[in-house]
Amino acid sequence: MQRSATASLIRRLNRSAVLDLIRESSPISRSEISRQLNMSIPTVMRVVDMLREEDLVRWSGDSLPTGGRPGNLLEFNAEGYAVLGLDLGGTKMFGTVANLGGSIQSEIYRPWEDNDPEGALEQVCDLISDLLACPRPARQQVRGIGVGAPGVTLFESGVVTWAPSLGWRNLPLRDILAQRFGLPVVVENDVNLAALGEYGFGAARGASSAVCIAIGTGIGAGIVIERKIYRGFNQSAGEVGYLPPDVSYLGRRYEGFGALESIASGSGVERRARQVLQELNRPMPDQGPSAEEVFKAARLGQDWATRVVNETIDYLAFTVAVISAVLDPEVIVLGGGVARSADMLIKPILKKLEGVVPSLPRLVPSHLGYRATVLGAIMLVLDTTTDYVAVKNLA
């Protein structure tokens, strides 16, 4: 039994390593795969044959519309499959149909209607149905559905334990969608998927480890190490919004937003802006300035906005310092709505951290923006449906 299990693991390792290399280095020959992975030619040939049967890789000439003779180089067949990616945000849903290479073929934005939890679920199903009806290239199959949920999720079971904006508690979303649509489904926290998207297609591509800090209505972080999402023992790794900025925040209960996100998220920026305007007896819009308006006013040199932005830089520098000291990731990505003003944040944050942490992190803005979560769905669906095993080095 143990020998069989070991042989099975070796096959999975070999398959994962070969697929990874072809995906990242197309076009590539079998002999070059053998050399780079220190793997025998017969083993490479067996794995390649399996991947070709599954239509995940092809001979480079197979893509020629003229039907010319295939070459001796292999390439990743990104167009062979599509993945449906869903980002179930706080105010609207966003769904895409994309191929395995991250090229988006169709996308749909749709606002949430004012419905109960059952109504929200039906809206998700309607969105998936509409995405499945979008035109796709001939013979392209749907490999699976990846869903980014705005709340606490249990990846192994596909249960959304708590999504406040949707009213979902202990909802077996994966099983409901898989039964309804007859496709493989993965359900993950939306920020975790965003981190995986940046790791696979965006600002953290090629890194060994990455953390994506999503700064929007709240603050969360997704952690990816050697292509795997790190979720933590209680599935709550990366909940940096609950960090206490200083000791005065200890000994309290935080039922909604955590201590840090109550002051440093987009909504926190808006709240502090209203406080500053009131202190200075300045006129204020009925709804108060949005976070975007605060940063715009700071660009114009308005003193009240500059004060709020400088405070935000301090809080985010604290967050980056904690992540750097505990995890030491290769890359930290700033994402989410507030990160659209990353040009005003990154250099000041790094300046604040000089001499504070052992080494300054590589802090970069998101390359994918609002598409990060749905592109992370591609990576997770591909890994789940190919029984992927993370491979650092087989040599």
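The values are calculated or read from the model by the stated rules, or taken from the named source; none is laboratory data. Note that the structure is predicted; figures quoted are calculated from it, not measured. Here the Cβ is made from the backbone with ideal geometry for all residues, glycine too, and neighbour counts use every protein chain on show. Ligands, DNA and RNA are excluded from the accessible area calculation, which covers all protein heavy atoms including side chains. Shrake-Rupley method; radii C 1.70, N 1.55, O 1.52, S 1.80 Å.
Annotations
- Heavy atoms of the protein chains alone define the surface here; on that basis the chain has 48 Å² accessible area per residue at 1.4 Å probe size.
- Sorting the segments 201-207, 377-383 by their residues' average number of neighbouring beta-carbon atoms within 10 angstrom, most packed first, yields 377-383, 201-207.
- Choice from PRO42, PRO27, PRO164 showing the highest fluctuation, given a GNM over the chain with Cα pairs closer than 10 Å: PRO42
- Accessible area of ARG136 in the full protein assembly, 1.4 Å probe (Å², nearest 10): 90 Å²
- A straight chain from ALA321 to THR386 at 0.36 nm per residue would run longer than the Cα-Cα distance by 19.8 nm.
- Pairs spanning more than 29 Å between alpha-carbon atoms, out of LYS92/LYS347; LYS296/LYS351; LYS228/LYS351: LYS92/LYS347; LYS228/LYS351.
- For the stretch 12-53: rounded, prolate or oblate by the Cα gyration tensor [a/c cutoff 1.5]: rounded
- The dipole here belongs to the stretch 294-333: it is taken about the Cα centre, uses +1 on the Cβ of Lys and Arg and -1 on the Cβ of Asp and Glu, and is about 260 debye.
- Extension gain, ASP175 back to ARG299 (0.36 nm per residue minus Cα-Cα distance, nm): 39.8 nm
- Treating r as the C-beta distance of GLU118 and PHE233 and R0 as 51 Å, the FRET efficiency rounds to 0.95.
- At R0 = 30 Å, FRET efficiency that the Cβ-Cβ distance of TYR109 and ASP343 yields, to 0.05: 0.70
- Rounded to the nearest 5, the antiparallel percentage of DSSP beta bridges internal to the chain is 60%.
- As a fraction of the 1.4 Å probe accessible area of the chain, surface on carbon and sulfur atoms comes out at 51 percent.
- For a paramagnetic label modelled on ASP314 (point 7 Å from Cα along Cα→Cβ), amide N atoms under 13 Å away belong, within the stretch 209-245, to 245.
- Close amide H pairs (under 5 Å, H built 1.01 Å from N) link GLY144 with LEU84, residues at least 5 positions away or on another chain.
- Phi angles across the stretch 256-273 convert, under the Karplus curve 6.51 cos²θ - 1.76 cosθ + 1.60 with θ = phi - 60°, into 3J(HN,Hα) values of x, 5, x, 4, 5, 5, 5, 10, 10, 6, x, 5, x, 4, 5, 5, 5, 5 Hz, Gly and Pro given as x.
- Spacing of the modelled spin labels on GLU330 and TRP162, each 7 Å from Cα toward Cβ, amounts to 3.5 nm.
- Here the calculated FRET efficiency for ARG252 and ASP20, from their Cβ-Cβ distance with R0 = 51 Å, stands at 0.65, rounded to the nearest 0.05.
- Helix-only mean residue ellipticity at 222 nm for the chain, each DSSP H run of n ≥ 4 adding -39500 (n - 2.57), per residue, nearest 500: -12500 deg cm²/dmol
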